[in-house]
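Trainee: Starting off with a structure, shown below.
Since every read-out is calculated from the coordinates, none of them should be taken as a lab result. Everything quoted here is computed from the prediction, not taken from an experiment. No Cβ is skipped: glycine too gets one built from the backbone with ideal geometry, and neighbour counts run over all protein chains shown.
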Amino acid sequence: MTTPRRKALIDSLWYAIPLAIAVLLNAVVRPVMAERLGGEMIRRGASVRGSDTWWTFDAATRAEHPWQTGFLEMSHGAVAFATLVVIAVLFAWRCFTRPRG
């Protein structure tokens, strides 16, 4: 039997895991991928929340690695927004499919 405390922890993991994945993507994976592909970092904005970052590549690199460069040319903000959409969908799915009681 699951205790209420354990149930709350499991429920929160449904939302914390996608958030952690997005943070790791933006902080570690994307910069390493961009460095290996020889991308040029573009950083715009200097607000309280920080700047938005993405990379640009030359035409040869884009032709050779279209999926990777497309992913890296998305901004950090776009990755964060996609993560929020995933979390919202998970929340709605869990609310409507969870057994009551």
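Trainee: To the nearest 20 debye, what charge dipole does the stretch 1-61 have about its Cα centre, counting +1 at the Cβ of each Lys and Arg and -1 at the Cβ of each Asp and Glu? All intermediate terms of the calculation are to be shown ahead of the outcome.
Mentor: Numbers: 8 positive and 5 negative charges, 83 e Å.
Result for the stretch 1-61 is approximately 400 debye, rounded to the nearest 20.
Trainee: Considering only DSSP states other than H, G, I, E and B, which trypsin sites (Lys or Arg not before Pro) in the stretch 5-101 qualify as loop sites with at most 11 other Cβ atoms within 10 Å? Walk me through the numbers before you get to the answer.
Mentor: Values: sites: 5, 6, 7, 36, 43, 44, 49, 62, 94, 100; in loops: 49, 100.
Counting only loop positions with at most 11 other Cβ atoms within 10 Å, the trypsin sites (Lys or Arg not before Pro) in the stretch 5-101 are 49, 100.
Trainee: If contacts are Cα pairs under 8 angstrom and at least 6 residues apart, what is the relative contact order of the stretch 28-97 in percent? Please list the in-between numbers first.
Mentor: Values: 55 pairs, mean separation 17.3, N = 70.
Once normalised by length, the contact order is 25 percent.
Trainee: Would you work out the Kirkwood radius for the chain? I mean one over the mean of 1/r across all pairs of different Cα atoms, in Å. Each step should come with its number before you reach the end.
Mentor: Working: mean 1/r = 0.0629 Å⁻¹.
After inverting the mean inverse Cα-Cα distance, the result is 15.9 Å.
Trainee: Also, I was wondering about something else. Using Cα centres only, tell me the gap between the stretch 1-27 and the stretch 51-88 in whole Å.
Mentor: Cα centroid to Cα centroid, the span is 25 Å.
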